[in-house]
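Where a number appears in this text, it was derived from the coordinates with a stated rule and is not lab data. Nothing here was measured: the structure is a model prediction, and the numbers come from that model. Positions of Cβ are backbone-derived with ideal geometry, glycine not excepted, and every protein chain shown enters the neighbour counts.
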Amino acid sequence: MSSFYRNSLLGLLLAALVGCGGSTLPHRYYVINAAPAEAASEVVNKQRVLQVGSLRLPQYLDRPQLVTRHSGNRLAMAEHHQWGGNLRKDMIRVLAKNLSIMLETPHLYIAPQQPSGRLDVRIDVEVMSFEREADGQVAITAQWRLISGDGSEIETRFTSHKSPVLLSEEDYEGTVAQMSRVFSAMSREIANAIIADAD
């Protein structure tokens, strides 16, 4: 074998070994959780029937990757930090769980599931933003509506909640924990409005 071919073969083997030895970052997966919450100070009538209806997300959040905001106009998608499920569906599930705890009611349905009898209140949510912001705070901005069983509007509110702590760019676990926290704060606000409507 000539030295040219021998050197070429050695080069190819070396390149293959380097390629095999290269390491890739592992993917990490996260879920939004229902935050531990005390029941509301005034509990809603437990016979009232509630339904979590629609929850809409902006298109930039409707993806597997965690999204963070680096500036007012620039977003970052974390390829190696992703949601373990569908974010929108998980938020609906967590909202229902939060409300069932806060209102101490067993009569809570998630659309399209319908109660067999009457429906007293439907909750619809449209999320405008829900991410860690450039300053390190996690924030949610949304509009939620309470609709009575006959279709009339009980209340519509534009709301914003921010985490009390600042997080580093690489703290994705802490980011998701604070997302659960601010989502719980919004859930509490909705629960209090349902209680006020029952008075």
Order of LEU119, LEU87, LEU75 from fewest to most other C-beta atoms within 10 Å?
-> LEU75, LEU119, LEU87
Projected label distance in nm at THR141 and TYR29, using a 7 Å step from Cα toward the beta-carbon | 3.2 nm
Mind checking the range 77-165 for trypsin sites (Lys or Arg not before Pro) that DSSP puts in a loop (not H, G, I, E or B) and that have at most 13 other Cβ atoms within 10 Å?
-> ARG118
Using a simple spin-label model with points 7 Å from Cα along the Cα→Cβ vector, what separation in nm is obtained for ARG74 and ASP150?
-> 5.4 nm
Stretched fully, the stretch from MET128 through ASN86 gains (0.36 nm per residue minus C-alpha distance, one decimal, in nm) 13.4 nm
